[in-house]
Amino acid sequence: MNNIRKQDIMSLLGCFVLFAVMQLLIMFEIIGPFWELNIVLIGINIILSVSLNLINGYTGQFSIGHAGFLAVGAYTGAIITVKLGLPFELALIVGTLCAGLLGFLIGLPTLRLNGDYLAIATLGLGEIIRICILNIEYVGGASGLMGIPRETNFAWVFWVGIFVIFFIKNFINSAPGRSCLAIRENEIAAETMGIDTTKYKVMAFTIGAAFAGTAGVLFSHYFYIAHPASFTFMRSFDILTMVVLGGLGSMSGAITGAVLLTGISAFLAEYPEWRMVIYSITLIVLMLYRPQGLFGNKELSLKMFKLGGDNSGRTAEGK
Amino acid sequence: MEELLKVNNVSMVFGGLRAVSNFSMEINKGELIGLIGPNGAGKTTAFNMLTGVYEPTEGTITFEGNLVNGKKPYQVTAMGMARTFQNIRLFSELSVIDNVKIAYNMHVQYSLPEAIWRFGRYFNEEEEITNKAMSLLKIFKLDGKADEQAKNLPYGEQRRLEIARAMATQPKLLLLDEPAAGMNPQETHELMEMIRWIRDEFKLSILLIEHDMSLVMNVCERIYVLEYGFCIANGVPEEIKNNKRVIEAYLGEEVS
Amino acid sequence: MKKMRKVLSVACIGMLLATALTGCGGDKKGSGDTIKIGGNLEMTGGSASYGKSAQNGIKLAIDAANAKGGVLGKKIEFVVADNKSEAAEATNAMQKLIAQDKVIAVIGPNLSSASIAATSINTSAKVLAITPMGTNPNVTVDKDGKTKDFMFRACFIDPFQGTVMATFAKDKINAKNVAILVDNSSDYAKGLAQFFKEAFTKGGGKIVAEESYLQKDTDFKATLTKIKASNPDMIYVPGYYQEVGMIVKQAREMGLNVPMAGGDGWDSAKLPEIAGKAALNNTYFSSLYSPDDDSQLNKDFVAAYQKAYNEKPDVFAALAYDSALLVINAIKTANAVDTVKIKDAMAKTAGFSGVSGNVTFNAQHNPVKSAVIIEYKDGAQVFKTKINP
Amino acid sequence: MDMGSFLHQFVQQLINGVSLGSIYALIALGYTMIYGIIKLINFAHGDIYMLGAYFGFVATTMLGLSFLPALVFAMAAAAVAGIVIERVAYRPMRNAPRIAILITAIGVSFFLEYGMILIATPQPRTFPAVFDATVYNVAGLVINSQQIVILGSALVLMAALTYIVNHTKAGKAMRAVSFDMDAAQLMGINIDKVISMTFALGSSLAAAAGVLVSIYYNSIDPLMGMMPGMKAFVAAVLGGIGIIPGAMLGGIIMGVVEAMVSGFFSSTFRDAAAFGILILILLYKPSGLLGKNIREKV
């Protein structure tokens, strides 16, 4: 068991080193403001894809309404800082809790559905959330909530991201997490093994939604504005694409997917007319050649990748 | 003898179809019971009622005096009944040992924060679960393949793993749905030996569904026979073997 | 075959990573003999058509300037970044234009929300940005009422346009009971509606119905049925021409034959085609630009635009064209490739003549322009009246 | 509002709703068919509808065809497009996880939308009025002849589709493939051919919808398929996906709900109401209104 502790500490150390290097690169402007912005965006997308991966990849529940929870986090966080003038740290916590609470309330009835029906229901709920926000004048309605201070920076995104990754990794390596995996593998068998499937599905959904909320708070406090147009079902598709491209049920995959797609999108900013066409072709080709995603449901192992990587996921640790 | 399971006049109706009618049975502690019948006789439906997958339309089922009707499968499992499936339902992408560990989840005490922050009971319990799972795998001769993906095991081992997984829930009654389906005679024979051994070793009761009569005759102490949803006979193997209605029901099939 | 696929997929990923990385490393410095102007435009997403028009307009202005030898003896290079019609991406695009491409001025975004989000970036980088169509007052003024130093606009703001139409409705149409049908996804339209309502009710008029729709809607009959039941004598539809065209068409079909009016979003050659020429009779809109404006400047612009793109310019193209002219003019006036000096020169712009009229910036960086009311008669725009601020 | 005018409004909204719903139904028919056969949520279906509208535009403006030939041209061209898309993007993935095919479908959808923007610019185009609309005014209720044509076409196409699926050899093959692809293959059915045919049929239906709707609304643009595609899918699920009359029913319900919410409440909540109804129905009848509840066999 000491092994697990040691691994955790090693990964954490790796994170510190990575953080120090990145922070220095940013400080000395070797990474310019444009790429700094995109690194922050990548960080936010990693939180989103990792949290969606918990629902779609690990628990096997097909949800495509993640943008709704992102919106809830973005707006509640902004209300805390802009409307109530309270600190950003509190906004992060409240945004997370609100999105989680909403996830719980939505998950309870809808997670009885499965497969495509759950997908379309979550898609609809995401849109309902957005339309409701669009009609609340208190938060600016269609014009969006403006004047949000920029509180998010690389350090915030990095450490919150690490927190979320560790949270979900440890969750998956515990009994509740294994229950989620069992539900994905075979819901009926899981239930006959004594697993209250509804409870664990709702648990995973709530955690995933909550972290989407966290990402939302970071998002609105980086881009100065929370606007309904940022949270359409197209955004949900974006996140889903990152997860599937990386490999459903793989932490490394979700991270890689977020990095790759955000990177491609930033790179293609040079070619605005062709951007979406190239993006879509890339998507199709990658899916044709790796339908199970870049990583399948495997993880990068510590042996392959010494720095900062962690061997999260399905394998039993520390034997 | 102490009564474990009591099935009292249960029926299951799907639309207009009576899949099981007025079925009654008792299982006592330590018994090894067989439930047989030709294909489509309602054996699996009866099984599904016992394990909470279906709620019986009529009649009651009690387990150690507690009502099973209306309970969800996971609650039934918590009461002390575990089952396997006719068509194997393993967690096929997961490792063999994880399959077994998942069945221990019911008994895990540590809380979610302890799991996330890895303190308190987490380490000790995880270690305990792993050890227990390994020793169970050893019993079922699967310890050498603990880290393989379940879907990569040969068929016979998958069947064994399913039983091992069911055993991990620490049941008082083990329900096996056609465990010998698809096995060759040699494997079947070994399986039967193992079933008997499990019963003696873990001191539990076993209910076995089979449509292969010869197999049931050899291991079971009492047998219930279903045909078209009705229980047409029950008794010790010798009685069943000579029961006219049973022979008719199995006409064309070999009765040894 | 399988191996082949594996190799291909690895190659594919490798290529992508490589391109992403090279993009990362390449910080393009502005070279000595060109000046870069950026366009933060809606190239994809729901408002892609606005961005495309704006891009066409800006290109035309810059090509013309380059043909005359550029500015300060240097050629102008136009760099476009896509803001995906979305606020956060507009910030990203702004950052890219300024940090990667080292532009000295930015035109765009067109959407108010995107402009409000993105302007924080160019303000902190001290590079001016001018939005061709961001009409919301908050684009150039922060929430404490302070003018944002580096943000300008080429269009007029919502209050003015809304008020102009309210006056016109009251005095010239003699409307008493007006129904408003607003594009709820656009803060431009909502601003117009709000200020129209304020001015109109202050003048003693009554708003009998307030309904809304969303961009890309196509069926308005349900809402129009509801409006019809409220018996208005005019309908105010601030919005963009694509939806407005369908609204007018469907309203006339529903037997709603009262006058209809809107703002400069109506200004497009497509409107008569979508709505139908007959249906469009008895409609009016406020604008600062009409492609039929008879100034020589505008005639030349329309001719050049039609030659280049084979269609008539719409208001987005015209205002983006003017924005580009304003930027080029400011660079000339500043007489230096210094972003702060260019900003100062821009702020002092007075009496500059563009295709959409004369521009003088006030203290809030809003152009002081006169508005025109245009009537559609058998599909043609007819100049009705001019209203000065 | 007194009773009489309320009733009058209600009936008018019902007419508006049914006419809007018949458009959703028209698109939903193709959606539901493709889903029925290969269980793929073909997110690109709405873009085929857009493609059909553009084919119709080309046929009427550039080739100078009249309404019916233009419609046939658009349907044929879209059928080819559908077959090509299936061949290139979906067929190689037939054994891939379903979610991967879904992502591919999203990719195809982006490709069609932005490819079209590249070719035709994002500017909306006006669709020529190839046949005139007559407005009927019956007792103060307004009905447009084009609305009737759209509703009629939807009904006719639904009937035709039902006939093809239930009474022709090809339809039998389709049903077999939909029921069990492997078994169908063992019975000597060329499933590639059947799936190609399904895509051709589904796509040409979408194209027909595209042309009819463009004539009705008069305006087309490359992103026009996004929302109707989504709504049509919701309609298909509402009625019971894979069931042809279900698509019709779901479409009409969606249309009427939207009209009623816009008419008596507020149009801003129109989409929320439509999605809300879908979710309620799914919770009480998870397989849609006309769907059969299928329980996984244990």
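Computed from the coordinates by the stated procedures, all read-outs in this text should not be read as laboratory data. Predicted model, so just to flag it, every value in this text is computed and none were measured. Positions of Cβ are generated from backbone atoms using ideal geometry, with glycine treated the same way; all protein chains shown enter the neighbour counts.
What the table shows:
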read-out: Calculated FRET value between B:E127 and A:N114, using beta carbons and R₀ = 22 Å, to 0.05; value: 0.05
read-out: Volume in Å³ per residue [convex hull over Cα atoms, computed for chain D]; value: 146 Å³
read-out: Rounded FRET efficiency, nearest 0.05, which uses the C-beta distance separating C:K299 from C:K377 and R0 of 22 Å; value: 0.60
read-out: Full-extension gain in nm, D:T61 to D:Q185, via 0.36 nm per residue minus C-alpha separation; value: 40.2 nm
read-out: At most 13 other Cβ within 10 Å, DSSP loop - chymotrypsin sites (Phe, Trp or Tyr not before Pro), region D:112-202; value: D:F131
read-out: Loop chymotrypsin sites (Phe, Trp or Tyr not before Pro), region A:1-95 (other Cβ atoms within 10 Å of the site Cβ: 15 or fewer; DSSP); value: A:F28
read-out: Per-bin percent of Cα-Cα distances, chain C [20 Å]; value: 28, 53, 17, 2
read-out: Exposed-loop-free span, longest in chain C, where trypsin sites (Lys or Arg not before Pro) count as exposed if DSSP calls them loop and at most 12 other C-beta atoms lie within 10 Å; value: C:147-347
read-out: Mean separation of Cα contacts under 8 Å, 6 or more apart, over the residue count of chain B: relative contact order %; value: 28 percent
read-out: DSSP-assigned coil residues among GluC sites (Glu not before Pro) in region A:13-96, each with at most 11 further Cβ atoms within 10 Å; value: A:E29
read-out: Label-point separation, A:I4 to C:E210 (7 Å along Cα→Cβ), nm; value: 5.8 nm
read-out: Within region A:62-95, backbone nitrogen closer than 15 Å to the virtual label 7 Å beyond the Cα of A:A155 toward Cβ; value: A:88-89
read-out: Å³ per residue enclosed by the Cα convex hull of region B:93-164; value: 85 Å³
read-out: ³J(HN,Hα), Karplus 6.51/-1.76/1.60, whole Hz, each residue of region B:169-174, x for Gly, Pro; value: 6, 6, x, 9, 10, 10
read-out: Cα-based convex hull volume of chain A per residue, rounded to whole Å³; value: 140 Å³
read-out: Pair C:N257, C:T201: separation of 7 Å Cα→Cβ label points (nm); value: 3.2 nm
read-out: Computed helical MRE - 222 nm, chain D, DSSP H runs ≥ 4 contributing -39500 (n - 2.57), nearest 500; value: -24000 deg cm²/dmol
read-out: Surface/4 estimate of mean projected area, convex hull on alpha-carbon atoms of the protein assembly as shown, nm²; value: 51.1 nm²
read-out: Förster radius 51 Å - calculated FRET efficiency between A:L18 and D:R91, Cβ distance, rounded to 0.05; value: 0.75
read-out: Value of D in µm² per second that Stokes-Einstein yields for region C:288-389, Kirkwood Rh from Cα pairs, at 4 °C (1.567 mPa s); value: 87 µm²/s
read-out: Region A:32-123: equivalent-ellipsoid semi-axes (sqrt of 5 x gyration tensor eigenvalues, Cα, Å); value: 27, 19, 9
read-out: Estimated D of region C:158-287 in µm² per second, where Rh is the Kirkwood radius over Cα pairs and Stokes-Einstein applies at 25 °C, 0.890 mPa s; value: 175 µm²/s
read-out: Inter-site label distance for B:Q109 and C:S230 at 7 Å from Cα along Cβ, in nm; value: 6.7 nm
